[in-house]
């Protein structure tokens, strides 16, 4: 936009017959466009997120202290994505970018010493799940994003936090998850669902989310690590600073694992962007092409 | 005006081999979320030049259709898989970034079972300028440094 403004200004000055007042009006119009390029050009992908800390040069201050709610609790509100860098590479002149994705998307226990403590049942399940090149993966079949796996998927997550309720919006299939902070107990004998049933409480500045009622056939990663109806999942959210959140995922699932385990995934705040709807079955023909059977 | 060349990307092959060895899952890992691990051969590379007939802008993968004249002088309509439209939009693409009639050169990983289907790795426009496609490379990701902060590209 600035380059456009400069070149337009030069063009206008080079035409003596052009009325100077008209030139000023054109320049003002271009300046207005330049101040809101996102609205004019690309939805809200570059629209400045209001109310966030910024450095002197206007960039989001990712190292600023974690924001707090009026009640004094850490505020996790905002758009988040796995904390992995974007890397552009141009080998041989052809440019590519590594798709940003958490390594835990492939194996959620990749950073766990000794790996995940699978039960024999889990190992047998994974053999079945890895047959036929991964076509049995619910995610590849455009099924809903299920937490805690959803933290690792390569789509953005938006957290909307109120004192009594946290809502997590996921770009993939425009999905949602509710986490209740209103003191209600976890349900007894819940009907199993993709995300289960979640309540949360505060332990200092850590939000502790407890979940039960997950379906028996859920996957935690691409390699098919199970999580089942017998699971109790505890997520501990800590906002380290403005730009970083740690999500500790603890899984106690005696059907799938011989002992409880936990991993921590880092999430990075995504400033000056917006959620983009990604409906996986939008192109059903596309999906059928992958699964011709 | 159009051409087709086939080659093996040895550099990528080495990276793939290293990544596969590092991964706990011995099988090749998927390069994108919504297709079979075995659908494309990411150790091969094909480069074609042709004329865009359609940019399909739908999830889970955008698709670029390109008319290419093969060695027999016949026109083949290639089907190039791209990342999701949301990924492309965050790389600066729009649904109008390529339009019917545009000349492009596409480097891609060929499908194993379909001779004119491939996963686009990079695209050059008629002026030879590269367009980022956001293709997944199977490389061990590094944690974002404080400087990068995992910010949106």
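The values are calculated or read from the model by the stated rules, or taken from the named source; none is laboratory data. It should be emphasised that the depicted structure is a prediction, and the values quoted were computed from it without experimental measurement. Cβ sites come from the backbone with ideal geometry, for glycine too, and all protein chains shown count toward neighbours.
Within this structure, residue A:222 fails the test of being surrounded by 22 or more Cβ atoms within 10 Å (Cβ to Cβ) and within 28 Å of residue A:74 (Cα to Cα). If the condition is being surrounded by 17 or more Cβ atoms within 10 Å (Cβ to Cβ) and farther than 20 Å from residue A:202 by Cα, then segment A:159-184 contributes A:170, A:171, A:172, A:173, A:175.
Is it the case that residue A:276 is within 14 Å of another protein chain (Cβ to nearest Cβ), modelled with pLDDT of 95 or more and touching a helix residue (DSSP H, G or I) at 6+ places or on another chain (Cβ under 9 Å)? Quick ask: steps written out before the conclusion?
Working: within 14 Å of another protein chain (Cβ to nearest Cβ): yes; modelled with pLDDT of 95 or more: yes; touching a helix residue (DSSP H, G or I) at 6+ places or on another chain (Cβ under 9 Å): yes.
It is true that residue A:276 is within 14 Å of another protein chain (Cβ to nearest Cβ), modelled with pLDDT of 95 or more and touching a helix residue (DSSP H, G or I) at 6+ places or on another chain (Cβ under 9 Å).
Taking into account only those residues within segment B:68-100 that are more than 10 Å from chain A (Cβ to nearest Cβ) and part of a strand (DSSP E or B), which is nearest to residue A:274 (Cα to Cα)? Once the filter is applied, the top-ranked residue is B:80. Here residue B:51 passes the criteria (1) modelled with pLDDT of 50 or more; (2) within 12 Å of another protein chain (Cβ to nearest Cβ) except the one numbered (2).
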